[in-house]
Each structure stands twice: as C-alpha cells, then as structure tokens.
1. Taking loop as defined by DSSP and a crowding limit of 14 other beta carbons within 10 Å, which trypsin sites (Lys or Arg not before Pro) in segment 99-158 fit?
2. For helix 190-199, report the angle its Cα long axis makes with the longest principal axis of the Cα atoms of the chain; keep it between 0 and 90° and round to the nearest 10°.
3. How much area per residue is accessible in the chain when the probe is 1.4 Å and only protein heavy atoms are counted (Å²)?
4. Which angle between 0 and 90 degrees, to the nearest 10, do you get for helix 69-87 versus the longest principal axis of the chain when only C-alpha atoms count?
5. Regarding segment 137-263, what whole-number volume in Å³ per residue does the convex hull of its Cα atoms give?
6. Take segment 1-123, compute every pairwise Cα distance, and split them into 10 Å bins from 0; I just need the percent in each bin.
7. For segment 111-127, what does the Karplus curve 6.51 cos²θ - 1.76 cosθ + 1.60, with θ = phi - 60°, yield as ³J(HN,Hα) per residue in whole Hz, taken in order and with x for Gly and Pro?
8. Could you work out what % of the accessible surface of segment 33-170 is carbon and sulfur, using a 1.4 angstrom probe and leaving DNA, RNA and ligands out of the count?
Amino acid sequence: MTGLDAVFCGLPYGFSSFDEISGRLIDCRKKSLLPENAKTVISVLFPYYLGEDAYHNANVSRYAVSADYHVITGQILGRIAGDLAAIYPENAFVPFVDDSPIPEVRAAVNAGLGVMGRNNLFINETYGSWVFLGEIVTDRLFEFAEPKTRVCPGCGACQKACPGGAIGEKGIEKEKCLSFLSQKKGDLPPAIEEKMRELNCAWGCDVCQKVCPLNRSARPTPIEAFFETADPHVTLTTPIDGRAFAWRGKKVIERNLKALEEV
Ligand code: B12
Ligand code: SF4
Ligand code: SF4
C-alpha cells in the first residue's frame, strides 16, 4: 500500500481532469461548493455488496438494505478529504456523494476505475456495479488516469430483463425506471404496483444489476458499517430514520410496502 492508498483506507480511487467534466456538471445546490480553479476530480468507490445470503428475505433494493449510504460514505470521504488537506495544506479538497454536481458515473470511468454499463451504471472489475460513488474535487493537479476501456461489452442482458423497459441504446428513460417510480410521490399506476409486487421490492430496483454478467463474481464490501447496519426486510413498523428511503418521507415507503401486500 502506498502512502496515498492508506489515506484512502484501501478503497479504490482514481484521478481525472475537472476540465473534462466541467461542461457536464449537474445543476444542484452543492455546485457552489466546488473549489475555485478546480483541477482534479478524485473518484472514490464505496463497495456495498454484502454477499447473497445477506439478501435472503429482502424487500428493498440492495443499496437501501444498510444504513443510509450518504452518511456512511460521507463520514469516510470527509475523513479522507481532511487527511489530504493535512498533507497538502495549500490546496482545497471538497467531498461530494450523490448529491453532487459531478456526473459521478462518467467521472469514475474517466478516473480509470471501471466502465459504464448499458444499464447506465458504473461497473468495477472487483466489486461490480455494487459500489456507491463519491468524489473529492481539488485545485491540486494530480496525474490523470488514461482509461483503455470506457463501456461494458453490451451483452444486452440488462436491457432484456428491465421490468420497465427503461433501458435503450442511449441510456435509460428515467420515467420508466422502477427505481425512479418507487421514489415518486402520489398514487402509483396499478401496473407499476403489480411489478413491485412481482419483484417483492418496495424501494429501488436491482434487476439490471442482478442479471449483469460483470457482477457474477463481485467481491463483498470491506466496509464494516454496511454489514453492521444491514436490515433487508422492511415493514410498516421499521424506523425510517437513517435509511436511504427517509428523504422521501414515511408516506412513500408506506405506500410501497402496502402495494407489496395487496393481492
Ligand atoms: C438522478 C439519479 C438517479 C435517477 C435518474 C437516473 C438518470 N440516469 O437519469 C434515478 C432515480 C432513476 C436513479 C436510479 C438509480 N440510481 Co441513481 N443517481 C442519480 C444521480 C443523483 C444523478 C444522475 C444524473 O442525473 N446524471 C447526470 C445526467 C446528465 O446523466 P445521464 O444523462 O444519465 O448521462 C450519464 C451517463 O449516461 C454517462 N454517459 C453517457 N454516455 C456516456 C459515454 C461514456 C463513454 C461514459 C463514460 C459515460 C457516458 O454520463 C452521464 C453521467 O452519469 C447520481 C449521482 C450523480 N451525482 O451522478 C446517482 C447514481 C447514478 N445512482 C446510483 C444508484 C445506485 C442508482 C440505482 C442503482 C438505485 C437502485 N438500486 O434503485 C438506480 C439505477 C437506475 C439505473 N439503471 O440507472 C449510483 C450509481 C452507482 C454506480 N455503480 O453506478 C449513483 C452514482 C449515486 C452514488 N453516489 O452512488 N438515479
Ligand atoms: S448486462 Fe450486459 S449490457 Fe448490461 S451493463 Fe452488464 S455487461 Fe453491459
Ligand atoms: S433499475 Fe430496474 S427499472 Fe430501472 S433501469 Fe434498472 S432494471 Fe430497469
């Protein structure tokens, strides 16, 4: 392990050019936090796969089985940014996860950490697509990666299996994606409720990842907190605080759980 590997707690990380992505920034509240004169995007992978046994009886998507990833990854990334700032005190290091102006899939591909799948997701050779993405944007110049491969082999399994028919040749149509629909407020069309019932999934959707051959030998996460907080079966009495579905409020997850029960 090099000195920097230790700073990154052994998690996969890579460097890419901020300039390469600056024309594609996502308009969000946190855009104003980007450091002035940003030069490098440091992408960090947070694997979350717990192994198949952990998902027995799960009724929410895998990314929502453990405590809210924004909190777990945010704490780790904040620590890493602090350590980098101590090593390079003349530079700024600003961490982002999800709620980020950086299009994270593209940044992680640019950083040489893996490929973009037809399912729109980032896929790493070791951990598959079961990784959350975070980044630290800095005004320090690091040596950028030069990825050789940027896209998956395109076997089409995800497209074929997608229950919403959301995957096309050019990315996904989010209005058809069950993950998007499960987060939407208001009444759900009966056909969508029916699909959620068939999949027994009250939050998110994992179909395009479960069928992906690049996920077949994904390694479980080295991040203990994901194991320690795992709770795969959510009920109407499960406390929602600190869970990935809390941000949408109790009504949405309750509506979905009730939809799973209807016959
Ligand atoms: C909004 C959002 C959603 C929305 C809409 C997604 C969409 N594509 O429109 C919804 C609710 C549907 C969603 C669902 C999910 N999401 Co989401 N989502 C995001 C979020 C916050 C922003 C995405 C975005 O708007 N990007 C910008 C627009 C412009 O992207 P775009 O038009 O799709 O174009 C992208 C790609 O197509 C790509 N691209 C296009 N052409 C090419 C060509 C090449 C060569 C390359 C390299 C890239 C590339 O570049 C763009 C950048 O991502 C990101 C976090 C982030 N800040 O990036 C997480 C994120 C993408 N989501 C994540 C996750 C985990 C999920 C789910 C798996 C959750 C679940 N289990 O239900 C599903 C998967 C659905 C799917 N198959 O994509 C993870 C993905 C991790 C990974 N391994 O890739 C992210 C990165 C959050 C995180 N921090 O970990 N999501
Ligand atoms: S299932 Fe096939 S086409 Fe879809 S992301 Fe995986 S490798 Fe690519
Ligand atoms: S998350 Fe589900 S609905 Fe959305 S693209 Fe993937 S398989 Fe299709």
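The values are calculated or read from the model by the stated rules, or taken from the named source; none is laboratory data. Just so it is clear, the model here is predicted, and its values are computed rather than measured. Note that we place each Cβ from the backbone using ideal geometry, even for glycine, and neighbour counts take in every protein chain shown. Note: areas computed on protein heavy atoms with side chains; ligands, DNA, RNA excluded. Shrake-Rupley method; radii C 1.70, N 1.55, O 1.52, S 1.80 Å.
1. Qualifying residues, ordered by number: K148, R150.
2. 70 degrees
3. In whole numbers, the chain has 51 Å² accessible per residue.
4. 0 degrees
5. About 191 Å³ per residue, rounded to a whole number.
6. 11, 39, 36, 11, 2, 0
7. Couplings: 7, x, 8, x, 10, 9, x, 4, 6, 6, 9, 7, 10, 9, 4, 8, 9 Hz.
8. 50 percent
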